[in-house]
Amino acid sequence: MRSFHPFIVTREIIQQSLQVYWALARIMVPALVLVKAAQMLGLVDHFGTLLGPVMALLGLPAVLGIVWATTLFTNLFTGLVVFFQLAAGLELTVEQVSVLGVVLLLAHSLPVEGAVAKRAGVPWWATVSLRVGGALLLGTVLHLVYSSLGMHQSVAQLHWQPDVTDPSLLAWARAQFDTLALVLVIITALIALMRLLKAVGIERLLHVALAPCLRILGIGKAATNVTVIGATLGLSYGAGLLIRDIDSGAMSRRDSCLSICFIGLAHSLIEDTLLVLAMGADLFTVLCIRLLFAFVVIAVFARLTANPRATRSAC
């Protein structure tokens, strides 16, 4: 049995964490600055106006296009702030906020998360097509089914409203610094947790339990833990670990591609779902249906890219 050296293990964890964090920070910081510049120039609001006609396909008021545009370019929380500012003057049904919630969950933070996904091996066109196209497809289907069956037609109850944040540039910079610092803390905790899971044998149990589901998606065992982490905590954390494993040769290009695509459709299943529920959305819709949709889409994608040549062109 290998001897346990706390200082050596701690040093290894810190080194791995800094490597993962540096790979992410080089992507996230420029993307965050570009998004802020677009906001200050009014480009996000303009894009929101252009999305107005698209919202009709989802059975939503045109004004909510600004909510999706904000969420696409920034993050879910910022989009919800805009939503709650607009929702006071609207009488939305549970169906409408559920459809909007699914759309926001599937397609948000594209500049940052798309850049991270690209570093993990998934090109921009694939990320945008998968997440925006998936959001429109599932949102439209849900609207047609719910409206035709008369489901979730009661008025939605808003369960929470965030405080209005300081709009100054200094406050924005401070918030980004806090976020990036938190990312480092979480990455370090995740890597330490993975070491612990491996040491006590839980990692092996996770592989055994999840292997059948991931096999359906075409994802190998090497990506099991990373996929679970990305799905539960967030794409950036999962992708950061994916980048590490790709660079070290521990994971194949195909596993990385399928894993990051799955995480793109179904990530932050706990935190983001709770945020959307505050809009008055239906839990089964924004969690269970979204997760089922991710499994079906990636299973189909895996079959279409089973040929190595197809995998190289898609990823």
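The values are calculated or read from the model by the stated rules, or taken from the named source; none is laboratory data. Everything quoted here is computed from the prediction, not taken from an experiment. Every residue, glycine among them, receives a Cβ derived from its backbone with ideal geometry; neighbour counts consider all protein chains shown. Side chains included, ligands, DNA and RNA excluded: accessible areas come from the protein's heavy atoms. Shrake-Rupley method; radii C 1.70, N 1.55, O 1.52, S 1.80 Å.
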Q.
Going by amide H atoms built from the backbone, whose H comes under 5 Å of the H on Thr93, apart from near neighbours?
A. Ala156
(Q) One quarter of the convex hull surface, Cα atoms only: what value does that give for the stretch 43-173 in nm²? (A) 8.8
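Rank by packing, highest mean first: peptides 194-200, 28-34, 78-84, 260-266, with packing defined as the count of other Cβ atoms within 10 Å averaged across residues. Don't jump to the answer; show the numbers that get you there.
Details: 194-200: 13.6, 28-34: 16.4, 78-84: 21.1, 260-266: 28.3.
Per-residue Cβ counts within 10 Å, averaged per peptide and sorted highest first, yield 260-266, 78-84, 28-34, 194-200.
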Q | Where the stretch 127-200 is the region considered: accessible area per residue in Å², 1.4 Å probe | A | 62
Q) Highest GNM mean-square fluctuation, the chain, Cα pairs closer than 10 Å: which of His143, His108, His46? A) His46
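For the stretch 1-89, what is the accessible area per residue in Å² when the probe is 1.4 Å?
On the way: 5020 Å² over 89 residues.
Accessible area per residue, the stretch 1-89: 56 Å².
Ile289: net charge of surrounding residues, Cβ under 15 Å, Lys/Arg +1, Asp/Glu -1, itself excluded?
Values: positive: Arg290; negative: Glu95, Asp272, Asp282.
Surrounding charge for Ile289 is -2.
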Q) Roughly to the nearest percent, how much of the accessible area of the chain is carbon and sulfur, given a 1.4 Å probe? A) 69
Q) Which net charge results when you count Lys and Arg as +1 and Asp and Glu as -1 among the other residues whose beta-carbon is under 11 Å from that of Ala302? A) +2
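Filter the chain for me: DSSP H helices, axial length by Cα at least 20 angstrom, mean Kyte-Doolittle hydropathy not below -0.5. List them by residue number.
6-40, 124-149, 169-200, 202-217, 290-304
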